[in-house]
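One structure is given here, and the rest of the page talks about it.
The values are calculated or read from the model by the stated rules, or taken from the named source; none is laboratory data. Please read all numbers here as calculations on a predicted model, not as lab measurements. Virtual Cβ from ideal backbone geometry, glycine too; neighbours counted across all protein chains shown. Note: areas computed on protein heavy atoms with side chains; ligands, DNA, RNA excluded. Shrake-Rupley method; radii C 1.70, N 1.55, O 1.52, S 1.80 Å.
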Amino acid sequence: MSTDPDHNDDAPADDAVAQLLRSSLTPEEWERVRAAHERSGQIIRALMQWGWHESVRPLVAENVTDDELSQAHDLVSDIVNALRTGRRLDLARIPLALNVMRDVPNPREKEAVKLRFLSMFCECALTWLHFAKHDPERVHQFAPTSVLTDYDPAFAKLDNTLFDQCVKEITWGKRGPGANGWIRAAARVAASVGAFGYAEKYQDENERFEAFNNHFGKLWSKADRERFPDPDPRRFPKPKPSVRKK
């Protein structure tokens, strides 16, 4: 608190603040602010109309994509509806809408990316084994790294030799002690490159593997089987016949 007897600790009124801000701007700067304010008002009003896309498109920059425009519409709609209704469920959507604007990753979307990775890893593993059995000379032409990098750029560092080893060790369709399922193989591959931010969380690769194996197992067990079906048993490689000692 100031000791100056002429100092007023009371906050200035809104009009006084506006006047102070306005006086600090040149006429040209103030005109730009006024125009920007009016333009933002036009965009918000256009977004809230039924034909929002057609009405707002002429108001925005050319480099704004239709997806970004649609995202802005959803953001404004969520916030306006929440403030209009005051309902708890609507108000709870405001932080989610703001996270979209701030480009904060949605935890559910991050989990969905991992599920899509698991599904694609399984497909890659079965395809790799198919090539290895039926066309071994071309097996190395199939590059899983180019596919898996769609889910995390870290997979660009994946060693195909390690992938081959992990896939060949899978005991398809087998459960219980001694089983080495495809989820476990996916965890080993993800741990080897420190995918999905786990390199920062776990410095030791074995710790990363254990964390991935546990997380992937729980994630897949709760997945929607219509979107993420289990691999078709008919595609499982047949186990090699055991050699009995005479």
Note on region 178-217: residues open to solvent by 50 Å² or more (accessible area, probe 1.4 Å) and outside any loop (DSSP other than H, G, I, E, B) are R184, R188, E200, K201, E205, N206, E207, E210, N214
For region 144-159, state whether one or more residues are of a type in the set (G, A, S) and modelled with pLDDT under 90.
-> yes
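Has region 111-128 got at least one residue that is out of contact with any Ser or Thr (no Cβ under 6 Å at 6 or more places or on another chain) and exposed (fewer than 12 other Cβ atoms within 10 Å of the Cβ)?
No, region 111-128 contains no residue that is out of contact with any Ser or Thr (no Cβ under 6 Å at 6 or more places or on another chain) and exposed (fewer than 12 other Cβ atoms within 10 Å of the Cβ).
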Scan of region 142-160 for residues that are of a type in the set (A, V, I, L, M, F, W, C), buried (at least 16 other Cβ atoms within 10 Å of the Cβ) and not in a helix (DSSP H, G or I), ordered by number = F142, L158
Is it fair to say V104 is part of a loop (DSSP other than H, G, I, E, B), open to solvent by 30 Å² or more (accessible area, probe 1.4 Å) and at pLDDT below 80?
-> yes
Test result for A82, part of a helix (DSSP H, G or I), open to solvent by less than 60 Å² (accessible area, probe 1.4 Å), modelled with pLDDT under 70 and of a type in the set (A, V, I, L, M, F, W, C) = no
